[in-house]
Amino acid sequence: MRFWIGIDDTDSRKGMCTTYLSRILIEKLEKAGNRILGLPRLIRLNPNIPFKTRGNGAVSFLVETEDISEVIDLSNETVLELAELNEEDTDPGLVFIDAENDDIMNVLYTFSQRAIKDVISLDEALFIIGKYFIPHLKYKRGRGLIGALASVGAECEDTTIELLAYRKRERFGKRREYDPDSFFLADLLTYPKTFDTVDWGNEEVVCVPGSPDPVLFGIRGDDINAVLRAFETVKTEKIDRYQIFVTNQGTDMHLTHEDDIMSLLESRSYILSGVVVEEPFEIEGGHVFFMMETKFGEVKCAAFEPTKQFRNIIRKLRKGDRVIVYGAYKDGTINLEKIRIESLAKIYREMNPLCPECGKRMESEGKNKGFRCRKCRTKAEEKVLVEVERGLEPGIYEVPPSARRHLSKPLIRMDAEDRHIFR
Ligand SMILES: [Zn+2]
């Protein structure tokens with residue numbers, strides 16, 4: 001029989017990673033004679049859920065087995081051994097779903113779409129589990145059951161892949177040793193088939209985390225051969241094991257279009273159009289904001305300090321510019337991930353007129369006395385309006401790789417002629 005296994009919430013900010021635990025479980029299941037079909041999937045859910053670890057990623061994979069109870073026993077053993085069960089906010093959940101059962105798979109599809117864009121309660125997950133008698137493992141509050149179900153139900157039109165390399169167990173929590181240059185080289189050799197390995201503009205390796213979990217680095221891309229080539233190029237401390245996942249990272253699957261909603265809700269992510277109604281302003285710490293008029297009223301938009309050179313684009317916006325923004329809605333503010341500048345307002349400045357003879361600016365003769373050119377003795381009555389050079393081009397802009405959220409689609413993956421890529 002074929003079962004989908006879904007797993008979530010085995011990690012904490014202090015350690016572990018659900019992808020690593022899944023890799024270990026896959027090894028155990030294969031050793032026991034079960035077959036894993038295809039690649040495991042790493043599904044990123046709504047990134048704005050407050051109590052989740054930063055990535056909010058759940059894992060699922062398809063297993064062919066003669067004995068599901070043995071599979072469940074091995075899963076339980078792996079969670080008890082590896083999950084961060086002593087941490088307050090770690091509440092693992094696993095589900096085992098008959099892959100042939102279309103009724104359940106349909107329910108989980110809808111559930112999953114909502115878990116990626118919306119906010120779902122644990123009660124809803126428990127209701128589905130109860131209604132369909134879904135075999136599951138629940139630890140403590142079992143909040144991971146939400147992601148476990150959602151990961152199994154996810155159907156992604158667009159996918160990318162990520163190769164995650166893991167550390168030797170004795171190295172967990174220690175400083176990661178790696179040669180930064182080798183990551184820049186890997187990017188040179190394989191970009192754009194791989195992406196977000198490094199951030200050239202900010203001179204940063206972005207695919208090596210700083211957290212105490214087992215991940216050494218992750219190579220993202222659209223092409224498995226390119227990802228493997230990058231993997232072979234980078235130089236690091238000894239790798240313990242690795243796993244390639246199919247993911248919904250870099251697909252914008254978390255965004256809801258303004259046409260599909262009646263109002264803006266906190267902790268969701270949107271695509272929203274409007275007109276700039278106030279000049280951008282900056283607060284201490286380098287965070288830049290502007291106000292835009294939308295179909296839902298005035299909305300504040302933010303480019304926070306970590307978005308680096310992206311803020312230079314936002315600073316140049318002026319009243320009357322038409323824009324489309326992409327990002328999470330939090331505390332009444334859109335946290336910008338991308339912006340499309342559709343049209344720029346024409347801005348004029350009053351200046352002294354030009355001399356029709358020599359082309360130089362005329363001088364004022366004094367208040368209300370008109371203007372004249374001293375050399376040519378030409379005269380003019382009034383100031384003229386001159387269009388101001390905006391120093392900004394219409395088109396779509398994104399935050400640099402170092403500030404990218406897992407689900408955000410990099411422009412390099414987008415089919416847009418007027419894209420401005422920060423690499
Ligand atoms: Zn002149």
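The values are calculated or read from the model by the stated rules, or taken from the named source; none is laboratory data. Remember, predicted model here, so these are calculated numbers, not experimental data. Note that each Cβ is placed from the backbone with ideal geometry, even for glycine, and that neighbours are counted across all protein chains shown. When the accessible area is computed, the model is the full protein with side chains, heavy atoms only, and any ligands, DNA or RNA have been set aside. Shrake-Rupley method; radii C 1.70, N 1.55, O 1.52, S 1.80 Å.
Structural remarks
- Hey, residue 324 among the aliphatic types (A, V, I, L, M) and assigned to a helix (DSSP H, G or I) or not: no
- A count restricted to segment 362-412 and to residues that are within 16 Å of the ligand (Cβ to nearest atom) and either surrounded by 17 or more Cβ atoms within 10 Å (Cβ to Cβ) or not acidic (Asp, Glu) (or both) stands at 14.
- Residue within segment 296-312 that is in contact with a His (Cβ under 7 Å, 6 or more places away or on another chain), at pLDDT 95 or above, away from the ligand (no atom under 16 Å from the Cβ) and in a loop (DSSP other than H, G, I, E, B) present: yes
- Only a single criterion out of (1) open to solvent by 60 Å² or more (accessible area, probe 1.4 Å); (2) at negative phi is not satisfied by residue 203, namely (2).
- Here the condition is being in a strand (DSSP E or B) and farther than 23 Å from residue 409 by Cβ; of 282, 342, it holds for 282 alone.
- Residues (surrounded by 14 or more Cβ atoms within 10 Å (Cβ to Cβ), aliphatic (A, V, I, L, M) and under 17 Å from residue 332 (Cα atoms)) located in segment 237-274: 255, 261, 264, 271, 272
- Residue 322 being open to solvent by 80 Å² or more (accessible area, probe 1.4 Å) and modelled with pLDDT of 95 or more: yes
- Of all the numbered requirements in (1) open to solvent by 60 Å² or more (accessible area, probe 1.4 Å); (2) more than 17 Å from residue 144 (Cα to Cα); (3) within 21 Å of the chain's Cα centre (by Cα), residue 40 misses one, and that requirement is (1).
- For segment 347-361, the candidate set comprises residues that are more than 8 Å from the ligand (Cβ to nearest atom) and open to solvent by less than 100 Å² (accessible area, probe 1.4 Å); within that set, the residue that is nearest to the chain's Cα centre (by Cα) is 347.
- Matching residues in segment 390-423 - criterion: being modelled with pLDDT under 95 and aromatic (Phe, Trp, Tyr): 422
- Residues in segment 178-214 that are under 25 Å from residue 305 (Cβ atoms) and of a type in the set (Val, Ile, Thr): 197, 198, 205, 206, 208.
- Taken over segment 88-102, the criterion of being under 29 Å from residue 265 (Cβ atoms) and either surrounded by fewer than 19 Cβ atoms within 10 Å (Cβ to Cβ) or touching a Cys at 6+ places or on another chain (Cβ under 7 Å) (or both) is satisfied by 88, 89.
- Filtered residues of segment 133-146 (kept if surrounded by 15 or more Cβ atoms within 10 Å (Cβ to Cβ) and without any contact (Cβ under 8 Å) to a residue 60 or more places away in the chain): 134, 136, 138, 140, 142
- Subset tally (residues that are open to solvent by 50 Å² or more (accessible area, probe 1.4 Å) and under 17 Å from residue 145 (Cα atoms)) for segment 51-72: 1
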